[in-house]
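Novice: The structure follows.
The values are calculated or read from the model by the stated rules, or taken from the named source; none is laboratory data. Just so we're clear, the structure is a prediction, and the values are computed from it rather than from any experiment. With ideal geometry, Cβ positions are generated from the backbone for all residues, glycine too; neighbour counts draw on all protein chains shown.
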Amino acid sequence: MKTTRAISAAFILAACMLTWSGPDAAGPNPAAKEIQNTEEYFPDEIGSVWRYKGRSRTDAVERIAEMAFINEVSAIGTTNIKGETVKIFRETNQGNKGPTDGFFRRDKAGITYYGSQPTTPFEQQLIPYRVLVFPLIMEGTFRQLEKKGVDMQADLDGDGRHERADVVADVRVAAHTPVTVPAGTFSDTLQIDASMTIVITLTKSRRVITSRDRITSWFARGIGLVKYVEEIEAPPVMETRGEVTHVSEELESYTLKGTVSAPSVPLSSSHPAGRL
């Protein structure tokens with residue numbers, strides 16, 4: 001179960017649950033359709049394994065090498081964090097950034113993220129946060145996070161002082177749609193769009209820079225995440241160039257409660273795709 005980085009899941013840009021305005025932040029909508037048995041889109045049984053094929057590309061002034069990679073996600077057990085029992089999801093190469101453990105709790109109210117290992121000082125100020133609220137409402141939106149003045153725990157402009165940031169994250173349940181990935185065709189996936197904006201004020205010049213993270217994920221009932229695409233905009237700071245990173249992962253095979261789906265194509269190892 002990877003939620004939008006899910007949401008980002010374990011991205012530094014992940015949100016916290018300090019402010020949540022309900023399943024429809026825009027106000028009540030009597031025509032909104034509640035998605036029945038929402039939790040079935042997010043299975044979390046211990047022993048389940050999901051294997052994904054991914055691609056990562058970073059664009060600056062020119063396109064940098066595109067990389068293919070494999071990421072395997074396993075629900076390996078439970079632990080206790082802040083007095084709550086949470087499940088551990090181990091990823092071998094999440095977003096082509098290497099191994100990580102993510103800690104999640106799913107209950108009747110939704111899914112809450114309790115952080116990751118390895119973690120960052122910035123993330124530790126934000127967790128835990130609610131990533132999804134049950135039941136989901138079709139075309140409903142909610143705010144995961146709205147927090148001002150977060151200490152970045154980093155000096156970005158070289159003046160010896162930490163920068164601070166205002167962080168806002170929103171999620172929208174967008175559509176039911178068919179999706180085809182290496183593991184097969186899923187005729188009625190749930191599409192969820194998420195966005196996060198981090199506005200940073202540089203302490204030296206008072207210049208404001210903005211980082212954005214947009215992710216679209218597709219979940220199949222009884223399976224979980226089958227695909228995501230993400231775009232991360234990193235602004236230029238000091239003499240560095242701004243970059244836009246594109247990441248995607250597609251489900252290749254999975255094992256749930258003893259049910260195994262074999263990949264439809266031979267497995268391939270990660271390799272650089274070269275300059276495009």
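Novice: I'm trying to understand the selection: among the residues of the range 235-268, which are small (Gly, Ala, Ser), part of a loop (DSSP other than H, G, I, E, B) and either at pLDDT 90 or above or farther than 16 Å from residue 186 by Cα (or both)?
Specialist: If the condition is that a residue be small (Gly, Ala, Ser), part of a loop (DSSP other than H, G, I, E, B) and either at pLDDT 90 or above or farther than 16 Å from residue 186 by Cα (or both), then 242, 258, 268 are the ones that fit.
Novice: Working only within the range 112-137, note down all residues that are closer than 17 Å to residue 90 by Cα, in contact with a Lys or Arg (Cβ under 7 Å, 6 or more places away or on another chain) and either of a type in the set (Val, Ile, Thr) or in a loop (DSSP other than H, G, I, E, B) (or both).
Specialist: 112 - this is the single residue of the range 112-137 that is closer than 17 Å to residue 90 by Cα, in contact with a Lys or Arg (Cβ under 7 Å, 6 or more places away or on another chain) and either of a type in the set (Val, Ile, Thr) or in a loop (DSSP other than H, G, I, E, B) (or both).
Novice: So in the range 117-163, with the set limited to residues that are of a type in the set (Asp, Glu) and more than 22 Å from the chain's Cα centre (by Cα), which one is nearest to residue 242 (Cα to Cα)?
Specialist: 157
Novice: Take residue 53 and tell me if it is within 15 Å of residue 106 (Cβ to Cβ), in a strand (DSSP E or B) and among the basic types (Lys, Arg).
Specialist: In short, no.
Novice: Here is a list of conditions, (1) surrounded by 20 or more Cβ atoms within 10 Å (Cβ to Cβ); (2) closer than 20 Å to residue 104 by Cα, and residue 135 meets all of them except one; can you say which number that is?
Specialist: The failed condition is (1).
Novice: Among the residues of the range 138-151, which ones are touching a Lys or Arg at 6+ places or on another chain (Cβ under 8 Å) and either assigned to a strand (DSSP E or B) or buried (at least 19 other Cβ atoms within 10 Å of the Cβ) (or both)?
Specialist: 140, 141, 144, 149, 150, 151
Novice: Would you check which residues across the range 73-105 are part of a loop (DSSP other than H, G, I, E, B) and of a type in the set (Gly, Ala, Ser) and list them?
Specialist: Result: 83, 98.
Novice: Run down 111, 76 and say which single residue is over 25 Å from residue 245 (Cα atoms), surrounded by fewer than 19 Cβ atoms within 10 Å (Cβ to Cβ) and modelled with pLDDT of 90 or more.
Specialist: The unique qualifying residue is 76.
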